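The values are calculated or read from the model by the stated rules, or taken from the named source; none is laboratory data. Computed from a predicted structure; not experimentally measured. Cβ coordinates were reconstructed from backbone atoms using ideal geometry, including for glycine residues, and neighbour counts include every protein chain displayed. SASA here: full protein model, heavy atoms, side chains in, ligands and nucleic acids out. Shrake-Rupley method; radii C 1.70, N 1.55, O 1.52, S 1.80 Å.
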Amino acid sequence: MESEACSDKDIGPQGLRKRILQTGRSWLTPFPGDEVQVHYSGRVEGGAYFDSSRDRGAPFWFKLGQCEVIKGWDEGVATMKKRERAILIIPPDLGYGESGLPPLIPPNSTLIYDIELLSWNTIRDLTGDGGILKKIMKEGEGWANPKDGDEVLVKYKAMLENGRQVSKCDRSKEFLLGDDFPCPAICKAVKTMRRGEKAELSVKFSYVDIMGDKKVLKKIMKAGEGFDRPNEGSIAKVAYIGRLEDGTVFERKGSREEPLDLVCFEEQINEGLDRAIMTMRKGEQALITVLPDGHEVPGMLSANSQLYYEVELIDFIKELPFWKMDNHEKLEACERKKYDGNMLFKAGKFCRASKKYAEKYIEFDHSFTDEEKVQANALRICCNLNNAACKLKLGEYLEASKQCTKVLQLDPSNIKALYRRSQSYLRLSELEKAEADIRRALTIVPSDRNVKIVYKELQLKQKEYIRHQTEIFSAMLSRTG
């Protein structure tokens, strides 16, 4: 192992530095999209270690260059060779920024990571649209690749996604490349392989099933850039044309020069189209087919219209991750999500509303001022109460009770929390717990009409329970007699 005194090397223009502790075993480095395996330990500059895969005894896997880790990792690990061990000194802008990740990482922290690159699986997109992905399991020999007209010896096994085997060739079989391959995907992959190489192919059909029920299908006409895709809340800049089966244009929005600014999954456009856009990459062009969903647009679309959209995702801006927000931005984001959740709840969309009420933006408040903590607690109480109401509507009674318990930990006399938790306990047949909450609520507000109604429901359930127990006891006595 080389000395830690080895000089630091700058990586890129943003202040990332690397100090090699142990040289690698080859000159190869991983590419964006490869699955890399590392051991690491991390600390804040001048502080103790806060995380270590070595302590857990399990290496960490991630896909390089796909925003699965902080930017400093993506840029630094891309320069490493197999079995190389290095110190990455990551400035705040390539780490957790101004917000940090309380309580482990303070704002504007420089991070020190000790990383060893153990191995990686090379993944190549052979078609540029994700249609054929090749993962190299064993490197081949030499540099030559076969070409059309060459005779090749190949072994293969083909399986469906559920693991069912559909074809197999255990012995090396001779094929004339370009003519008699059993599957075009294998032919395309073999042209990229070297002698002795083993690879795993993932082959998708021409159309991607967006929803999993074949109601929204996407065909990529032009592959996009990079690996990142918009998510819920992202601002997508799109241009699209909507057509009916006979080619009639029923909708046209945006252009390359003046794209439509669309907030993803906010019901601004057809839901199927919305979901499909969230699977696209920057610059991607696609044909989206949306099967009839029973919705009718008077004078335009019948309930059984099949829709075709020609879409281009020109660009997108992802919603700022909460761990990069300052305190004011976190509180504002939580207020927006609460408002969005309220609108969805009123529209009867309880599942989506429940997701909006997630309080992740203010989960860690260690850096909040006393005034901000008061505001955060008020938001927590409101969001958890509203989420409990969603869970009751969805029949998720245990989760509803948990949301109410969170409220009562902050405000032990909250009538709505006691009322909704008693409702949850009633549905779960936990009658003693329900009675305790109801009696507590009536002690605080004796005249509350809703609580009194639940109390009557509880009394009826208690009578039913006593009657049921009596019948069971009588049946047992009659058997013994």
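Test D340 against the criterion of being modelled with pLDDT under 90 and in contact with an Asp or Glu (Cβ under 9 Å, 6 or more places away or on another chain), and give yes or no. Judged against the criteria, D340 is a match. Scanning the stretch 68-85 for residues that are open to solvent by less than 10 Å² (accessible area, probe 1.4 Å), closer than 17 Å to S119 by Cα and of a type in the set (G, A, S) yields one hit, G76. Restricting the stretch 356-378 to residues that are of a type in the set (D, E) and either closer than 14 Å to D326 by Cα or not in a helix (DSSP H, G or I) (or both), the residue that is most open to solvent (accessible area, probe 1.4 Å) is E363.
Taken together, the criteria exclude I123 from residues that are closer than 14 Å to T192 by Cβ and out of contact with any Gly (no Cβ under 6 Å at 6 or more places or on another chain).
Could you list, in sequence order, the residues of the stretch 128-172 that are more than 38 Å from the chain's Cα centre (by Cα), of a type in the set (D, E) and open to solvent by 80 Å² or more (accessible area, probe 1.4 Å)? Correct list: E141, D148, E151, D170.
Annotation: of all residues in the stretch 195-216 being assigned to a strand (DSSP E or B) and small (G, A, S), the one that is farthest from the chain's Cα centre (by Cα) is A199.
Of all residues in the stretch 193-224, those satisfying the criterion of being acidic (D, E) and out of contact with any Leu (no Cβ under 8 Å at 6 or more places or on another chain) are E197, E200, D213.
Yes or no, residue by residue, for (1) closer than 30 Å to G149 by Cα; (2) in contact with an Asp or Glu (Cβ under 8 Å, 6 or more places away or on another chain):
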position	(1), (2)
K198	yes, no
I235	no, yes
D246	no, no
K253	no, no
C264	no, yes
I269	no, no
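Yes/no per residue for (1) over 30 Å from V69 (Cβ atoms); (2) open to solvent by less than 30 Å² (accessible area, probe 1.4 Å); (3) at pLDDT 85 or above; (4) over 28 Å from the mean Cα position of the chain (by Cα):
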residue: K218; (1), (2), (3), (4): no, yes, yes, no
residue: A223; (1), (2), (3), (4): no, no, no, no
residue: D228; (1), (2), (3), (4): no, no, no, no
residue: G233; (1), (2), (3), (4): no, yes, no, no
residue: K237; (1), (2), (3), (4): no, no, yes, no
residue: L244; (1), (2), (3), (4): yes, no, yes, yes
residue: G247; (1), (2), (3), (4): yes, no, yes, yes
residue: E251; (1), (2), (3), (4): yes, no, yes, yes
residue: S255; (1), (2), (3), (4): yes, no, yes, yes
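Would you mind stating whether N386 is touching a residue at least 40 places away in the same chain (Cβ under 8 Å) and assigned to a helix (DSSP H, G or I)? In short, yes. Scan the stretch 306-337 residue by residue and report those that are within 16 Å of I288 (Cβ to Cβ) and at pLDDT below 90. Passing the criteria: only Q306.
When the residues of the stretch 155-208 are narrowed to those that are at pLDDT below 75 and among the aromatic types (F, W, Y), which ends up nearest to T127 (Cα to Cα)? It comes out as F205.
From the residues in the stretch 430-460 that are at pLDDT below 90 and either hydroxyl-bearing (S, T, Y) or in contact with a Cys (Cβ under 6 Å, 6 or more places away or on another chain) (or both), which one is surrounded by the fewest Cβ atoms within 10 Å (Cβ to Cβ)? Ranking the candidates gives S447 first.
Is it the case that some residue within the stretch 54-73 is under 22 Å from P103 (Cβ atoms) and of a type in the set (D, E, K, R)? Checked the stretch 54-73: at least one residue is under 22 Å from P103 (Cβ atoms) and of a type in the set (D, E, K, R).
What residue, of P30, P13, is without any contact (Cβ under 8 Å) to a residue 40 or more places away in the chain and either surrounded by 16 or more Cβ atoms within 10 Å (Cβ to Cβ) or not small (G, A, S) (or both)?
Working: P30 fails: without any contact (Cβ under 8 Å) to a residue 40 or more places away in the chain.
Residue meeting the stated conditions: P13.
Got a sec? Which of D93, D125 is over 30 Å from V190 (Cα atoms), modelled with pLDDT under 95 and surrounded by fewer than 18 Cβ atoms within 10 Å (Cβ to Cβ)? Going through D93, D125 in turn, the sole match is D93. How many residues are in contact with a Leu (Cβ under 9 Å, 6 or more places away or on another chain), part of a helix (DSSP H, G or I), in contact (Cβ under 8 Å) with a residue 24 or more places away in the chain and open to solvent by less than 40 Å² (accessible area, probe 1.4 Å) if we restrict to the stretch 395-422? Count: 7.
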